[in-house]
Amino acid sequence: MVLLYIPRQIEQVLSRLVLQFPALAVSGPRQSGKSTLLKKLFSTTHQYISFDDPVIREQAKSDPNLFLDNLEEKVILDEIQYVPEILSYIKIRIDNERHKKGRYLFTGSQKFALIKDLGDSLAGRIALLDLLPFDIHEKRAVPYLQTLLSETEECFSHACLCGSFPEPVVARMDTGVWYGAYLQTYLERDVRTMNNIGSLREFQQFMQLLAARCSQSLNLSHLSHDLGVGVNTVKRWVSILEASHIIYLLPPYYNNLGKRITKAPKVYFLDSGLVCYLVGIKSKDHLLHGPMAGALFENFCLQETVKVFSNRGIRPRLYYLRTHNRLEVDLLIEGEGPVLYPVEIKLSKTPKPNMASPLNRFKNLFQGLSIGKGRILSLSERNIPISNDILVSDFNSYIEWIRTLK
């Protein structure tokens, strides 16, 4: 079955950067659409080679120069993390003809290993981009979702119960079946093959525990105790999930002006559908009224925020704040200046003035910082000013505002 191609928000950035750099790499989780995107944009100008094919992989490893000699002038090299040895040979070819742009386009599913290998070999010669699963604008381009995803509650519910990966969204596949196969492929190919994990069962249990703790501070000791493995093992497993674009670690804001703050990052998944699959949430009622409802809404808002920045080729400057005198701010977004924009996330259709209390306390306690207008992000479909510097923002307006930040 040939799937309908849905245009991606990152296309304009990608098309611009390919004219400026000799090489460009797109990293992202498996099945986020990296290969499809590059083939759609560059199929007429670039040869396509996939290192998923073990025969091609072995050819590239055994004789890199012969392999590269047989390629066309411009090429897409898919899943480059399988053959990092070839990058030093590509560097030589780029340096010999530095004026030629867009010659090598790479994709990879392991972010940190990919960036390390590319950064060591091609520093100054390559642009790096992340492609995550569909954002809300991309999902609304799917014909059957155009009217369905008009309200925040429906956007949230669909993201959790159907996910945001292109294939199951476009094809309207059984979510449970798709995520089961996805998880098995991820564990076998990325976790076992690339990271030499012995017990996949323990690693899957770890993912389930982490999913149940999404939107919470990362506590390595608690996870270690619950799993019966060492803290260093848990730390390594967290790094694997982060490198695979499965989770996003939101760091605390450190410019504390003498205030004592929590130092552990908070854990979010970059696809709320995977969280719901791992913890067994299958119905809208369970989603909206179950014990994880608030955490999942916060996860949804964070994942969509990260996608807006990634799709613009911008590294997001996002933080949270939790002090020991019980001040908590869910999200701090750093804009130009730098200006900090505090955001509170509430799963409520009826915002109340007392929801602004953490934002007011933040402004009063941190008067030495440049602080912009605060926002309360909820299920409300209206923008409601609470004060001159705090706004209850509907989800669509919030996303459009994020798009304006640099």
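The values are calculated or read from the model by the stated rules, or taken from the named source; none is laboratory data. Being a predicted model, the structure only gives us computed values, none of them experimental. Cβ sites come from the backbone with ideal geometry, for glycine too, and all protein chains shown count toward neighbours.
Evaluating residue 48 against the criteria (1) touching a Phe, Trp or Tyr at 6+ places or on another chain (Cβ under 9 Å); (2) over 30 Å from residue 238 (Cα atoms); (3) in a helix (DSSP H, G or I); (4) without any contact (Cβ under 8 Å) to a residue 60 or more places away in the chain leaves one unmet condition, (3).
The single condition from (1) modelled with pLDDT of 95 or more; (2) under 21 Å from residue 95 (Cα atoms); (3) surrounded by 13 or more Cβ atoms within 10 Å (Cβ to Cβ) that residue 41 fails is (2). Inspection of the range 70-89 identifies no residue that is out of contact with any Phe, Trp or Tyr (no Cβ under 7 Å at 6 or more places or on another chain), crowded, with 18+ Cβ neighbours inside 10 Å, modelled with pLDDT of 95 or more and in a helix (DSSP H, G or I).
Quickly run through the range 165-194 and pick out the residues that are part of a helix (DSSP H, G or I), of a type in the set (D, E, K, R) and more than 20 Å from the chain's Cα centre (by Cα).
Matches in the range 165-194: 188, 192.
If only residues of the range 44-69 that are in contact with a strand residue (DSSP E or B) (Cβ under 7 Å, 6 or more places away or on another chain) and crowded, with 17+ Cβ neighbours inside 10 Å are counted, the one that is modelled with the lowest pLDDT is 51.
Scanning the range 259-268 turns up no residue that is over 30 Å from residue 363 (Cβ atoms) and either of a type outside the set (Phe, Trp, Tyr) or touching a residue at least 12 places away in the same chain (Cβ under 8 Å) (or both). The residue list 283, 244 contains one member that is loosely packed, with under 14 Cβ neighbours inside 10 Å and among the hydroxyl-bearing types (Ser, Thr, Tyr), which is 283.
Those residues that are surrounded by fewer than 18 Cβ atoms within 10 Å (Cβ to Cβ) and closer than 14 Å to residue 132 by Cβ, I need them from the range 12-35; list them, please. Passing the criteria: 13, 30. Could you tell me whether any residue of the range 252-271 is closer than 27 Å to residue 17 by Cβ, surrounded by fewer than 19 Cβ atoms within 10 Å (Cβ to Cβ) and not hydroxyl-bearing (Ser, Thr, Tyr)? No - not one qualifying residue is present in the range 252-271. I'd like to know if the range 213-231 contains one or more residues that are of a type in the set (A, V, I, L, M), out of contact with any Pro (no Cβ under 6 Å at 6 or more places or on another chain), closer than 30 Å to residue 396 by Cα and surrounded by fewer than 18 Cβ atoms within 10 Å (Cβ to Cβ). Checking the range 213-231: not a single residue is of a type in the set (A, V, I, L, M), out of contact with any Pro (no Cβ under 6 Å at 6 or more places or on another chain), closer than 30 Å to residue 396 by Cα and surrounded by fewer than 18 Cβ atoms within 10 Å (Cβ to Cβ). Collect the residues in the range 357-406 that are closer than 22 Å to residue 311 by Cα, of a type in the set (D, E, K, R) and assigned to a loop (DSSP other than H, G, I, E, B), keeping them in residue-number order. Selection gives 394, 406.
Does residue 296 qualify as being in a strand (DSSP E or B), under 30 Å from residue 26 (Cβ atoms) and not charged (D, E, K, R)? Considered against the rule, which asks whether it is in a strand (DSSP E or B), under 30 Å from residue 26 (Cβ atoms) and not charged (D, E, K, R), residue 296 comes out as no. Select from the range 195-254 the residues that are assigned to a loop (DSSP other than H, G, I, E, B) and over 27 Å from residue 332 (Cβ atoms) and list them in ascending order. Correct list: 196, 197, 198, 199, 228, 229, 230.
If you go through the range 321-347 and pick out every residue that is surrounded by fewer than 17 Cβ atoms within 10 Å (Cβ to Cβ) and among the polar types (S, T, N, Q), you end up with 1. Of the residues making up the range 357-392, those that are under 26 Å from residue 288 (Cβ atoms) and in contact with a helix residue (DSSP H, G or I) (Cβ under 7 Å, 6 or more places away or on another chain) number 9.
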